Amino acid sequence: MELRHLRYCVALAEVQNFTRAAERTHVTQSTLSHQIKQLEDELSVALFNRDGKSVSLTQAGRDFVDTITPILKQVDAAVGALKAPPDQLTGELRIAATHSFNVQLIPQCLAAFMDKFPRVKVVVEELSGDQIAQGLETGTLDLGISYRPAVPRGLWFEPLFNEELKLIMSPNHPLAKRKRVRMVELNGLPLALLTRNFSTRQLLDECFDAAGAEPQVVAEMNAISPMVELVRRTRLCSIVSDNALSGEPDLVAVALENPTPIRTPGLLWNRNRERPLATRYMANIIRELALQGQPR
């Protein structure tokens, strides 16, 4: 089966006449008739009723045409976009990322995207993982950069890289000169952490349980930036990714072990919705930069 078979089928379904369908597709009537018969033989089902000069779709033919018509439109749109210069791509791209990726990765990817596609308007939001999943589910977002959602919600998750979480503190903290800290050593340590509805906090709680540690969580916050600022101003520690510390002076990050908390960020989109060309281009840019390691 080839694309031409599908195009001939749709043309014949629209005009229900072999002569006019042949004219529309720029082939002879005999060629069109042969191609349609070839398609029916391959599918082992009659797509058209033929009664003299009259042609009509069978029920199977109607179902088939209804399915392939939007597919052919997508193929034509994709081919047309490839032939058009990148700066002619227009529209709006709506993406969202959690804080740690919005600090450095997203601006870097956005700069590369805007350089190639200056006529596409990009709307970027910084949201929690749950909010990103909800936006993708309802269609208010085209693409998300987050962690695998606890509830799939019909979303597709594509892992990008592994990200190690580290213990952060002010330079004068007793643990600041350590190269590594075991999780069990956090038992009773005053910490500022994200609230329990964050997947990162859930991961950390699992690590605490595995190590038999029960830190003293004296502050819970629903945003990373103010939590990092609190650590800078106090003798509290917190646990965040290196990406979240971009541009944050006067803080020390120490590796954790036994176990080492590791998250896997990735791309998120709705598997049941069409991905516009701009979304696919942005996803490619994010993949390329993620493969290079840490954002520059």
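Some notes on this structure:
- Test result for residue 148, among the basic types (Lys, Arg) and within 33 Å of the chain's Cα centre (by Cα): yes
- Those strands (runs of 3 or more DSSP E) lying entirely in the range 208-282 with at least 1 residues open to solvent by 10 Å² or more (accessible area, probe 1.4 Å) and in contact (Cβ under 8 Å) with a residue 12 or more places away in the chain: 216-221, 252-257, 265-270
- So residue 190, is it touching a strand residue (DSSP E or B) at 6+ places or on another chain (Cβ under 9 Å), farther than 19 Å from residue 257 by Cα, open to solvent by 30 Å² or more (accessible area, probe 1.4 Å) and not charged (D, E, K, R): no
- Selection status of residue 42, surrounded by fewer than 14 Cβ atoms within 10 Å (Cβ to Cβ), at pLDDT below 90 and not β-branched (Val, Ile, Thr): no
- The range 114-146 - residue that is assigned to a helix (DSSP H, G or I) and touching a Leu at 6+ places or on another chain (Cβ under 8 Å) and, of those, most open to solvent (accessible area, probe 1.4 Å): 137
- Of all residues in the range 160-175, none satisfies being more than 18 Å from residue 255 (Cα to Cα), of a type in the set (Val, Ile, Thr), touching a helix residue (DSSP H, G or I) at 6+ places or on another chain (Cβ under 8 Å) and surrounded by 15 or more Cβ atoms within 10 Å (Cβ to Cβ).
- When the helices (runs of 4 or more DSSP H) confined to the range 3-79 are screened for residues that are closer than 30 Å to residue 276 by Cβ and free of Cβ contacts under 8 Å to residues at least 40 places away in the same chain, those reaching at least 2 such residues are found at 3-15, 18-25.
The values are calculated or read from the model by the stated rules, or taken from the named source; none is laboratory data. Model, not experiment: these values are computed from the prediction. Reconstructed Cβ throughout: ideal geometry from the backbone, glycine too, with neighbour counts over all protein chains shown. Protein only, heavy atoms only, side chains kept; ligands, DNA and RNA dropped before computing areas. Shrake-Rupley method; radii C 1.70, N 1.55, O 1.52, S 1.80 Å.
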